[in-house]
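Trainee: Structure in C-alpha cells, see below.
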Amino acid sequence: MTESQTAIRNSQFASAWAEIDLAAIAHNVQLLKRALTPPTRLMAVVKANAYGHGAVPVAQTALRNGAEWLGVARVAEGRELRDAQIAAPILVLGPIAPVEAEVAVQSRLRVAVASLTVARALSDAAQQHNLVTPVHLKIDTGMTRFGVPCDQAVAFARALQALPSLRLEGAFTHFASADDADLAFTQQQAERFARTVDELARANIPIMLRHAANSAGTLASDQFHFDLVRAGIAMYGVCPAEHLSLRDQLRPALSLKSRVALVRAVSAGTSIGYGRTFVSKRAIGVALVSIGYADGVRRALSNRGEVLIRGKRARILGRVSMDQIVVRADEVGAQEGDEVTLIGTQGDEQISAAEVAGWADTIPYEVLTGIGARVPRVYSQQ
Ligand SMILES: *Cc1c(COP(=O)(O)O)cnc(C)c1O
C-alpha cells in the first residue's frame with residue numbers, strides 16, 4: 001500500500017463510517033435458505049443499495065451462499081449489478097417508465113409488469129435486439145399499490161401473450177401485513193393469488209415461477225413460499241417482527257460508527273446546539289461526535305437517542321446537526337479519538353437499528369436506507 005492509499009484508508013475511520021459484516025450476510029442467507037424446501041428458490045432483495053449495505057458486495061455474497069435471484073426496485077439498480085459483472089437473474093420489482101424499457105432489455109433485466117404501455121415498450125425494445133424478454137406479472141391481492149387486480153389478470157396476461165417479444169415467466173404478489181401476528185389477511189392474499197394463478201393455468205397461461213413472500217411472509221409460514229421467496233430485511237439481520245422464527249439467529253450486518261472529535265466541560269446553565277433545546281442543570285462534560293443527520297442520524301434523536309462509547313450508553317444532548325452531535329461524556333469517560341457506535345455492539349451493550357427506529361418513531365428499514373451517501377462503507381468477513 002502506498003502512503004496515500006494508507007492515508008485514505010485511515011481517513012475512512014476518521015469521522016463517520018458504516019462497517020458491513022459480509023459473514024453476517026452469508027450466515028443470514030444460509031439460514032433463510034435452510035428454511036425453504038427445495039425447489040423453492042431464494043431471491044436476495046438488494047434494492048436501495050442493499051438497504052444501505054452496498055448492492056454489489058451484498059449481491060455477490062448472497063449469490064455465493066444460496067440465493068439464486070436478485071431483486072431491485074429500479075432499472076438503474078439492476079444496471080449497476082450488471083456493470084459489476086453479476087450474471088444472475090435480476091427482477092425489477094417496482095414499476096418502470098416506458099423510456100426505461102430499452103436499458104432494461106439491454107441489461108437483461110426481468111421487469112414486473114402491470115401496465116400494457118410498459119409491456120409494449122419492453123416488447124418493442126426486445127424485438128429491436130432480436131431478443132425475447134421475460135417478464136413477471138404483478139398481481140394486486142390487497143396491497144393496493146402496484147399490480148393488476150385479480151379479476152383482470154387473465155385478460156391482462158392474454159394481452160401480454162399477444163406481444164411478440166415478451167415471455168410471461170412469472171407472476172407475483174406482495175403482502176401488506178405479513179409481519180402481523182394475525183395472519184388472516186396474509187392468508188386471504190395468498191389464497192387470492194393461488195386462485196388467480198389457477199385461473200391463468202385454466203386459460204392456458206401456465207406460470208413457471210410464482211412468488212409472494214417478503215422476509216416476514218417467508219418466516220411466518222411455508223404456506224407462503226410458492227416457487228420463490230423475496231427476502232430483504234432478514235438478510236441484513238433484522239427480524240421484521242418480534243414473534244417470528246429465526247429472530248434470535250439472525251445476525252445484524254451493519255454497524256454505524258463515528259469518533260469523538262472533541263471533549264469539553266460546560267458549566268451549569270449552558271445551552272447546547274441549535275434552538276437551545278438542552279440546557280445543562282449543572283457542570284458536565286460533553287463530547288462532540290463527527291456524525292449528523294446528513295449521515296443518517298435522524299434529527300428525531302435530538303435529546304432522545306443514545307450512542308455507545310467505551311462500552312457504555314451516552315445520551316445525545318440538544319439537536320442533531322447536519323454533521324455533528326453532542327453527547328454526555330463525563331459519565332462514560334469519553335476521550336478524544338474514542339470510537340462511537342450509533343448502531344451495533346460495544347462490549348456488552350448493543351444498539352439495534354430497531355431501537356434507533358423506536359426513538360425516531362419509524363422502522364429499521366428507514367434507518368438503514370437513510371444512512372447517507374457520504375458515509376463510506378467498509379467491508380469485513382469476520
Ligand atoms: C422490498 C421488497 C421485498 C423485500 O421485503 P423485506 O420486508 O425487506 O423482506 C419483497 N418484495 C417486494 C416486491 C419488495 O418491494
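The values are calculated or read from the model by the stated rules, or taken from the named source; none is laboratory data. This structure is a prediction, so every number in the text was calculated from the model and none was measured. Using ideal geometry, Cβ is built from the backbone for each residue, glycine included, and neighbour counts are taken over all protein chains shown. The area values use the complete protein model at the heavy-atom level, side chains included, leaving out ligands, DNA and RNA. Shrake-Rupley method; radii C 1.70, N 1.55, O 1.52, S 1.80 Å.
Trainee: What base-10 log of the normalised intensity I(q)/I(0) is obtained for region 1-144 from the Debye formula, alpha carbons as equal point scatterers, at q = 0.12 Å⁻¹?
Mentor: -0.60
Trainee: Carbon and sulfur atoms: what percent of the 1.4 Å accessible area of the chain do they account for?
Mentor: Roughly 48 percent, rounded to a whole number.
Trainee: In square angstrom, rounded to the nearest 10, how much accessible surface does residue 69 have for a 1.4 Å probe?
Mentor: Solvent-accessible area, nearest 10 Å²: 20 Å².
Trainee: May I ask you to derive the FRET efficiency for residue 152 and residue 188 from their Cβ-Cβ distance with R0 = 22 Å, giving the value to the nearest 0.05?
Mentor: Numbers: r = 18 Å, r/R0 = 0.83.
That pair, residue 152 with residue 188, gives E of 0.75.
Trainee: Taking the Cα atoms of the chain, report the difference between the largest and smallest coordinate on each principal axis, in whole Å and largest first.
Mentor: 78, 52, 39
Trainee: Using only the Cα atoms of region 244-382, what do you get for the radius of gyration and for Dmax, in Å?
Mentor: Taking only Cα atoms of region 244-382, I get Rg and Dmax of 15.1, 50 Å.
Trainee: For region 186-241, state the average projected area of the convex hull of the C-alpha atoms over all orientations, rounded to one decimal in nm².
Mentor: Numbers: hull surface 15.5 nm².
Result: 3.9 nm².
Trainee: With a probe of 1.4 Å, find how much accessible area region 142-231 has per residue, and write the answer as a whole number in Å². Walk me through the intermediate numbers first.
Mentor: Details: 4010 Å² over 90 residues.
Per residue, region 142-231 has 45 Å² of solvent-accessible surface.
Trainee: Moving on to the next point. Using a Gaussian network model of the chain with C-alpha springs under 10 Å, which one of 338, 83, 222 is most mobile by mean-square fluctuation?
Mentor: Maximum among the listed residues: 83.
Trainee: For residue 169, what accessible surface area do you get with a 1.4 Å probe? Give it in Å², rounded to 10.
Mentor: 20 Å²
Trainee: For the chain, modelled as a Gaussian network with Cα springs under 10 Å, which listed residue fluctuates most, 187, 60, 128?
Mentor: 128
Trainee: Run the numbers on the chain and let me know its relative contact order in percent, using alpha-carbon pairs under 8 Å that are six or more apart. Before the final figure, lay out each step's value.
Mentor: Working: 851 pairs, mean separation 65.0, N = 382.
Contact order relative to length: 17 percent.
Trainee: Next question. Once both axes come from the Cα atoms, what is the angle between helix 116-128 and the longest principal axis of the chain, in degrees from 0 to 90, rounded to 10?
Mentor: The helix 116-128 is inclined about 80 degrees to the chain.
Trainee: Which of 356, 103, 307 ends up with the largest GNM mean-square fluctuation for the chain, with Cα atoms connected below 10 Å?
Mentor: 103
Trainee: How much accessible area per residue does region 20-72 have, counting only protein heavy atoms and a probe of 1.4 Å, in square angstrom? All intermediate terms of the calculation are to be shown ahead of the outcome.
Mentor: Numbers: 1670 Å² over 53 residues.
Per residue, region 20-72 has an accessible area of 31 Å².
Trainee: Under the rule of -39500 (n - 2.57) per DSSP H run of 4 or more residues, summed and divided by the residues of the chain, what mean residue ellipticity at 222 nm is obtained, to the nearest 500 deg cm²/dmol? Please report the intermediate quantities before stating the final value.
Mentor: Numbers: 12 runs with 113 residues, N = 382.
Result for the chain: -8500 deg cm²/dmol, rounded to the nearest 500.
Trainee: On to the next question. What percent do you get for the relative contact order of region 36-170 when only Cα pairs under 8 Å and 6+ apart count?
Mentor: Details: 230 pairs, mean separation 22.7, N = 135.
Relative CO of region 36-170 lands at 17 percent.
Trainee: Note down the net charge around residue 270, summing +1 for each Lys or Arg and -1 for each Asp or Glu among other residues with Cβ under 11 Å from its Cβ. Numbers along the way, then the final one.
Mentor: Numbers: positive: 264, 276, 281, 282; negative: none.
Result for the neighbourhood of residue 270: +4.
Trainee: Within region 197-211, whose backbone N sits under 20 Å from a point 7 Å along Cα→Cβ of residue 68?
Mentor: Only 206-211 pass the distance filter.
Trainee: If you roll a 1.4 Å probe over the heavy atoms of the protein chains, what accessible area per residue do you get for region 252-382, in Å²?
Mentor: Details: 6250 Å² over 131 residues.
Spelled out: the 1.4 Å probe surface of region 252-382, per residue, equals 48 Å².
Trainee: Next question. Which shape class applies to region 99-256: rounded if a/c is under 1.5, otherwise prolate when a/b exceeds b/c and oblate if not, where a ≥ b ≥ c are the square roots of the Cα gyration tensor eigenvalues? Intermediate values should be presented prior to the final figure.
Mentor: Details: a/c = 2.69, a/b = 1.55, b/c = 1.73.
Oblate, because a/c is 1.5 or more while a/b does not exceed b/c.
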